[in-house]
Amino acid sequence: MRRLFLLWAACLGCELRPQLAGREVDLSELGKRLRPGFLLGAATSSHQVEGNNSNDWTDWEETSFEDGRPHIEDGSRSGLATDSYSRFEEDLQLLRRLGANAYRFSIEWSRLQPEENLWREEVANRYLQWAIELRQAGIEPMVTVHHFTLPKWVAARGGWESDGTLEHFERFASRLAGRLGSEVDLWCTVNEPNVQAVQGYLLGIWPPGKQSNRDTALVMARLIEAHARAAKAIRAADRQDADHDGKPAMVGLAHHARIFQPATGSALDASVAALTDDFFNETVVRAARTGRIQLSVPGQLDLDKEVPGLLGSFDYLGLNYYTRDHVRADLSDPSFSHQYVPEGRPRNGLGWDIYPEGLYLLLRRFAREGLPIYVTENGIADNGGEQRPTYLAEHLFALERAASEGVDVRGYFHWSLLDNFEWAEGYEPRFGLFRVDFDGPERTRTETQAVDTFRQVARNLGLSPAP
Ligand code: NOJ
């Protein structure tokens, strides 16, 4: 199992050109078939943009692996990031310039509760103010409660390995929903349980840097359980229907899914790919459907657990989609699995396969759950900004195709509004619709070429980008 994901991660370091060539997408028509009220937005997360955070990640950034390599590849620290905590109003103008009608951002738990018995009301007010300003600008806020980072005091008590964290998280979610509920209806409890579990507990390349099959399963399950607890707490605390759609809270989580494509038609490749797919793509979706967390990797993981409150805890499914991996059975490897991007495939700056059809396929597949879907993230590491316009257009085209075939997809959030701190890869990869100058204290934002593409789609949807 561990090897399986090591290989998977290794191939993330591997190059671009979509199968749907950009010219095939008619920009003047793109988005016109989407439902009225479709949310077209951008996403960020607190630790990646706010600046001056102090949490389990800042500790991780300060330290190194046993062999001396820094935890962050380029040796950087999140530091001032894009300074978005102080520059929210500036970012709001960027969203207006895009013509976005939605913004997904996350709450930094460690900022609100730097200590267990401390709640910083001024921080809650500031987040509330953001939501007010967004709503006034016609931009629907989607709030993520947990996006990878923990307060130091929570991490010190075992973080997601400890049962106690569930209690703390539930209380935090309840208090937050009570404070922001008047302005926020769209809640995303937890971001990417599978990625956090794999990176932090299997590969050991994110905090807390463990490498254990058992802990990976435990933490994945606990993050799903955290979703169920937070969903209950949010629904109880958020009674105000901010957008007047008859529902005060729409709760879901952001699930990272990718295509695992068997490299050949052999039964062996197919079964290894299916195993990987089941663990990585299906665990969360199955949990939503059955109320049980069921994990099984023969000889390595086995968990089947009913979680109270899990069934019915999803009002929607959030989908974070970026890429595809090819999977080849490799009998010399304990996991039998080798994952890679074949020669000649179009790649992004991090080596990830660019495969817009994957978004269509996953939307079709997850539609079977009968839940509305939001694409909570989709984007490209592209430092020059030349690939992003096509990437954006082709993924929106794939989404629109799924929607026109009946998939209830209600929104698309591009990752990301701004270049930001890309976790273990530091500041090297750039995902932003707006480029950020990380050398200057002003953190000056400038448009990349994809802004025009985004604005065109916004206009096609009847939105009015600011000049
Ligand atoms: C998904 C994560 O939620 C986000 O934090 C990250 O920056 C993007 N993927 C790009 O890797």
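The values are calculated or read from the model by the stated rules, or taken from the named source; none is laboratory data. Please read all numbers here as calculations on a predicted model, not as lab measurements. Here the Cβ positions follow ideal geometry from the backbone for every residue, glycine too, while neighbour counts run over all protein chains shown. The protein model used for the area step is the full one, side chains on, heavy atoms only, and it has no ligands, DNA or RNA in it. Shrake-Rupley method; radii C 1.70, N 1.55, O 1.52, S 1.80 Å.
Observations, loosely collected:
- Calculated FRET value between Ser212 and Glu386, using beta carbons and R₀ = 45 Å, to 0.05: 0.60
- Selection among Gln113, Met220, Ala249 by position relative to the dipole of the chain gives Ala249 as farthest towards the positive end (Cβ unit charges, Cα centre).
- Ordered by 1.4 Å accessible area with all protein chains kept, Trp415, Trp119 run largest first as Trp119, Trp415.
- Here the accessible area of the chain is 48 percent carbon and sulfur, with a 1.4 angstrom probe and all protein chains present.
- For the stretch 146-296, the dipole from Cβ point charges (+1 on Lys and Arg, -1 on Asp and Glu) about the Cα centre works out to 440 debye, to the nearest 20.
- For the chain, alpha-carbon Rg over 2.2 N^0.38 Å: 0.91
- The count of lysine pairs in the chain with alpha-carbon distances below 27 Å, taking only pairs 8 or more places apart or on different chains, stands at 6.
- Arg35-Glu167 FRET efficiency (beta carbon distance; Förster radius 30 Å; 0.05 resolution): 0.15
- About its Cα centre, the chain has a charge dipole of approximately 1060 debye under the convention of +1 per Lys or Arg Cβ and -1 per Asp or Glu Cβ, with nothing else charged.
- When the Cα positions of Val49, Leu268, Leu359 are compared along the charge dipole of the chain, Leu359 comes out farthest toward the positive end, with charges on each C-beta of Lys, Arg, Asp and Glu.
- Rounded Å value of the spacing that divides the Cα centres of the stretch 107-177 and the stretch 324-378: 31
- FRET E, pair Asp59, Asp26, Förster distance 41 Å, beta-carbon r, rounded to 0.05: 0.25
- Highest mean first, the peptides 312-321, 65-74, 24-33, 50-59 sorted by other C-beta atoms within 10 Å per residue fall in the order 312-321, 50-59, 24-33, 65-74.
- Accessible surface, the chain, averaged per residue in Å² (probe 1.4 Å): 36
- Available extension along the chain between Thr444 and Arg77 is 130.3 nm, counting 0.36 nm per residue and deducting the alpha carbon span.
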